[in-house]
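The values are calculated or read from the model by the stated rules, or taken from the named source; none is laboratory data. These numbers were taken from a predicted model, which means no experiment stands behind them. Reconstructed Cβ throughout: ideal geometry from the backbone, glycine too, with neighbour counts over all protein chains shown. Quick note on the areas: whole protein, heavy atoms, side chains included, nothing else; ligands and nucleic acids left out. Shrake-Rupley method; radii C 1.70, N 1.55, O 1.52, S 1.80 Å.
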Amino acid sequence: MHHSWQSEFLPKLEVVNLTGGDVAVCGPSSRPNQLVSPIDEDRIGFVAPLRSRADLEWLLRGLALHPQIRHLVLCGDDLDPTGEALVALWEKGLDEDGRIAGGRGFLASEMDAEWVAALRGSIALCDWRGRTPTGVASAIAELSSLAPELDARSEAEVAIPERTTFLSRKTTFPIFSTDVGDGWLQLLNLVMRIGTEKQSGVGGRLAEALNAIVTIEFSDKASELSPFFDFNGDDFDCYYQRSNSQPSSEQGRPGGHSRLQEQAGVDQLEAAIDRLKQSLDTDSGSVILLDANDMSTPSEAPALVSATFNVVEQKLYGSFVFRSTDIYSDWPLAALSLERLQREMAERLGVGVGSATFIIHSAHLFDRDWERSLRVLKGSFKRPLPLQVDPSGIFLFGNDGGEARAMLLDHDASTIFWEDAFSDPEDLSWYIIDVMPWLLPQHVRYVGQECASLMRAMRESECYVQG
């Protein structure tokens, strides 16, 4: 499926004066009156949103398509790291690997270093985030008027790759991981490979997986930020601090990332911490973030519906329910924020950090992010991972006089938790999988592998050696 730059670019911006305006304005909203007030229609060519990597790329394409733009104004209360990526791009361009400086990910394939350098050389970036709309308007009026230096450049087509999908059960997909980065890669792979394709509300396409359940077993110490995100550690630190101090809803964006801290920070969240302090066995460590009034306008309802915290064996566990979330642009920031919040709560309670489970009713990925998702998966999604020790124990398999016998023992082999034998190794593997749903996916894979080896050995009358 192909789109021209013009057909994709124009609906994404608020056009003010494309024929004469030499200033483009971008920020967390596409509504001019939220970023610039009053609007100087003679100077402003267009206003563009800047909330995701896709928004950044369409902004760059728009600048190339309209060379009369000589000033790019970044303003508003920018919560997301996309503004930091734009500033880094204008200050340092692309590095030798084609990434935005500072480890902030890639641009679309047609946006090479030369292409970016031409834009940087002809357009001045004004980073005016934090200024009031009136202050931005006054500053724009003082900018010098400059004639165009470049010719309009419009690529004929932008290709959105077709997805190769596998048949699936359409709902309920468990994912297990040890960090947010790997959990994100598994989510991208899930939605790209089996997601049901639908039309989005704004005319594009999206792939959707229903009821994805991501469980992340956190280590005692927070891991380094994964290098394949579109933001780095400094960007996330700034995002987390900003999201705790100012409401994102004022910028016309649902407060999915920071809703927990913003709305419940002084009320429900503190009450939940107090209840847990009084009794670590309480079942009341819940924070509810969605009510009937929110759903009167579903497009503006928070992505995060509820958060529940429980202490089990001196560790704090979290369970977070998402109504809907954009897997590429929104989920990594939300998950990392909730991980940090869970760690901060555990420290206040004087307990360790357990796992976090993210229940996502609609995990979706817009077609504008399919190509970049495939690029991330190709470069970073390496499988299989090394076999992890399952907390359930270890399995022993053997050929016991023509029967496939298995035992589940604790890790030092001092206790037998379970033992049974079957005439057919396939029946043995199915039994284990059916009655032990708590096993890690890698352990289930190992069970299947060993039962298959045992079956071949028994059929061919060979000696079976467990791998």
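A few remarks follow.
- Any chance GLU91 is open to solvent by 50 Å² or more (accessible area, probe 1.4 Å), farther than 30 Å from ALA335 by Cα and of a type in the set (Asp, Glu): no
- Scanning the stretch 301-350 for residues that are in a helix (DSSP H, G or I) and in contact (Cβ under 8 Å) with a residue 40 or more places away in the chain yields a total of 16.
- Options SER373, SER392, SER355; residue that is modelled with pLDDT of 95 or more and more than 18 Å from SER223 (Cα to Cα): SER373
- Qualifying residue in the stretch 126-142 (condition: without any contact (Cβ under 8 Å) to a residue 60 or more places away in the chain, of a type outside the set (A, V, I, L, M), assigned to a helix (DSSP H, G or I) and closer than 18 Å to ARG61 by Cα): no
- For the stretch 151-160, the tally of residues that are at pLDDT 85 or above and surrounded by 12 or more Cβ atoms within 10 Å (Cβ to Cβ) stands at 0.
- Failed condition for GLY354, given (1) among the small types (Gly, Ala, Ser); (2) open to solvent by less than 80 Å² (accessible area, probe 1.4 Å); (3) more than 30 Å from VAL191 (Cα to Cα): (3)
- Looking only at the stretch 20-30, residues that are of a type in the set (Gly, Ala, Ser) and either open to solvent by less than 20 Å² (accessible area, probe 1.4 Å) or assigned to a strand (DSSP E or B) (or both) come to 4 in all.
- Candidates GLU96, GLU110, GLU84 - the one that is under 15 Å from ARG53 (Cα atoms), open to solvent by 30 Å² or more (accessible area, probe 1.4 Å) and part of a loop (DSSP other than H, G, I, E, B): GLU110
- Residue within the stretch 113-125 that is in contact (Cβ under 8 Å) with a residue 60 or more places away in the chain and surrounded by 14 or more Cβ atoms within 10 Å (Cβ to Cβ) present: yes
- Complete set of residues in the stretch 169-182 that are of a type outside the set (Asp, Glu), over 13 Å from ALA363 (Cα atoms) and surrounded by 15 or more Cβ atoms within 10 Å (Cβ to Cβ): PHE176, SER177, THR178, VAL180, GLY181
- Pairs where the first residue, in the stretch 88-104, is in contact (Cβ under 8 Å) with a residue 12 or more places away in the chain and the second is open to solvent by 50 Å² or more (accessible area, probe 1.4 Å) and in a strand (DSSP E or B), C-beta under 9 Å, 6+ apart: TRP90/ASP127; LEU94/PHE106; GLY98/PHE106; ILE100/PHE106
- Residue in the stretch 31-53 that is among the aromatic types (Phe, Trp, Tyr) and not in a helix (DSSP H, G or I) present: yes
- Restricting attention to the stretch 431-461 and to residues that are open to solvent by less than 30 Å² (accessible area, probe 1.4 Å) and aliphatic (A, V, I, L, M), the residue that is nearest to ILE175 (Cα to Cα) turns out to be LEU439.
- Of the residues making up the stretch 217-227, just one is surrounded by 19 or more Cβ atoms within 10 Å (Cβ to Cβ) and under 14 Å from the mean Cα position of the chain (by Cα), namely LEU225.
- Candidate set: the stretch 358-376, residues that are of a type outside the set (Val, Ile, Thr) and under 30 Å from TYR317 (Cβ atoms); chosen: the one surrounded by the most Cβ atoms within 10 Å (Cβ to Cβ): ALA363
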